[in-house]
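Working notes, beginning with the structure itself.
The values are calculated or read from the model by the stated rules, or taken from the named source; none is laboratory data. No experiment lies behind these values; they were computed from the predicted model shown. Cβ placement follows ideal geometry from the backbone for every residue including glycine, while neighbour counts extend to all protein chains displayed.
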DNA sequence: CTAGTATTGGACTAAATCGTCCACTTACGT
DNA sequence: ACGTAAGTGGACGATTTAGTCCAATACTAG
């Protein structure tokens with residue numbers, strides 16, 4: 001994991017446990033604020049307050065706001081990808097895929113759809129102005145897509161899906177349905193659009209089920 | 001068209017043609033900037049510069065930045081909905097629906113997917129912080145969804161789709177696929193994910209075609 | 001034409017916000 | 001234990017940005 005963004009020149013600055021703890025407190029607070037308020041609407045003072053730190057700590061651990069943003073993207077990506085990896089790993093049937101859907105819809109409904117997808121939101125907000133963020137987020141989306149493609153490939157190998165099912169396209173479509181579901185759900189303050197969108201994608205996938 | 005947001009107390013201020021022309025120049029410039037830079041990243045000075053106006057003109061025609069944002073949401077919504085209405089009105093076959101898809105994908109590919117959907121982007125950026133914007137955008141999404149539902153209903157009535165096709169759910173799914181396609185396309189700087197997402201939705205709809 | 005109203009230009013204020021600096025404290029290696 | 005480097009607190013400066021104000025100009029109605 002590239003640490004080379006948190007420190008001015010060299011990445012070889014010595015860090016004590018206390019420093020690392022402070023750093024992660026800052027990143028965690030920033031991640032939460034970015035998620036609920038948006039990146040641009042969150043000021044460094046907000047982060048400072050939420051993390052109970054001081055200005056010098058922010059600038060000791062990060063070059064500036066852009067570096068903090070990149071660190072947050074990093075931690076959010078890891079979080080989402082780890083969660084998805086864990087949920088998709090054992091999926092071997094269409095029912096398992098439905099369970100994956102249920103988990104997403106349930107989590108979304110707990111907050112009435114608000115806040116959407118952490119990665120999707122940052123993507124839309126940042127990709128126009130910050131190329132580095134865009135690339136990082138794009139890599140995460142690609143990894144996410146890959147997990148779906150691998151899951152679908154597994155289903156095909158296991159004989160759950162027919163040979164003419166195209167995991168690449170189906171995986172992309174599934175991720176798009178999820179992201180679109182997030183957008184509509186966030187705006188409607190209801191997880192229902194997301195449920196419908198995912199159901200549509202899953203029904204389509206199910207149409208490739210081996211008879 | 002509610003004009004009641006542009007002027008402090010009363011909405012009955014007299015306006016001359018010149019004033020109205022200035023006002024629309026401001027809104028148009030702001031709409032463009034919001035689209036390519038994002039709402040929060042656009043300052044009033046940006047708008048002032050792009051529209052060749054002065055501070056007093058901005059505040060003569062709008063109460064402040066929020067009012068300007070609402071005006072932009074209004075004009076963008078009208079634009080998108082008018083475009084969609086025009087494209088969907090005559091759709092009477094699945095081929096017609098494919099043409100609708102082609103138009104969206106083509107427009108998206110012209111800018112390599114950048115910038116995404118004007119409504120979706122503002123929705124994600126604003127819905128957490130501005131309830132009024134959220135509701136306005138939600139109404140637009142709902143109108144958009146309705147157009148798709150009506151189109152699918154028409155196809156069912158015409159016998160193109162079978163009775164068991166559910167236009168409500170299919171319309172929601174179609175809009176979600178489109179929005180998700182926008183998100184992925186914007187991040188990947190390629191319209192391909194959007195094409196795949198829409199194709200999936202259309203294939204699913206086609207599976208309800210009357211045999 | 002004239003009075004009143006809309007419109008405009010731009011200087012100005014107040015507040016927010018990013019970023020710097022330095023004295024001070026804590027921890028690590030030897 | 002002692003010197004050096006990491007870490008901390010918070011004041012401070014510089015810049016950006018939203019918003020105000022007023023004098024000057026264009027327009028409209030009568």
Residues of region B:36-47 being crowded, with 17+ Cβ neighbours inside 10 Å and over 21 Å from residue B:132 (Cα atoms), in sequence order, are B:47
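Please verify whether residue B:140 is away from DNA strand D (no atom under 16 Å from the Cβ), at pLDDT 95 or above and more than 13 Å from the chain's Cα centre (by Cα), treating the condition exactly as stated.
It is false that residue B:140 is away from DNA strand D (no atom under 16 Å from the Cβ), at pLDDT 95 or above and more than 13 Å from the chain's Cα centre (by Cα).
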When region B:61-98 is examined, which residues are found to be touching a helix residue (DSSP H, G or I) at 6+ places or on another chain (Cβ under 8 Å), farther than 16 Å from residue B:140 by Cα and within 16 Å of DNA strand D (Cβ to nearest atom)? B:61, B:62, B:65, B:66, B:68
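Residues that are away from DNA strand C (no atom under 16 Å from the Cβ) and within 14 Å of another protein chain (Cβ to nearest Cβ): which helices (runs of 4 or more DSSP H) entirely in region A:33-135 hold 1 or more of them? Working first, answer last.
Details: elements: A:44-51, A:55-61, A:65-89, A:94-110, A:118-126.
So the answer is A:65-89, A:94-110, A:118-126.
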Selection from region A:196-211 of residues that are over 15 Å from residue A:117 (Cβ atoms) and out of contact with any strand residue (DSSP E or B) (no Cβ under 8 Å at 6 or more places or on another chain): A:196, A:199, A:200, A:201, A:202, A:203, A:204, A:206, A:207, A:211
Verdict on residue A:140 being in contact (Cβ under 8 Å) with a residue 12 or more places away in the chain, within 21 Å of residue B:118 (Cβ to Cβ) and in a helix (DSSP H, G or I): no
Residues that are in a helix (DSSP H, G or I) and touching a residue at least 40 places away in the same chain (Cβ under 8 Å): does region A:155-174 have at least one? yes
Please give the number of the condition residue B:112 fails out of (1) surrounded by 15 or more Cβ atoms within 10 Å (Cβ to Cβ); (2) on the phi > 0 side of the Ramachandran plot. (1)
Those residues of region A:193-211 that are within 8 Å of chain B (Cβ to nearest Cβ) and under 19 Å from residue B:178 (Cβ atoms) come to a total of 9
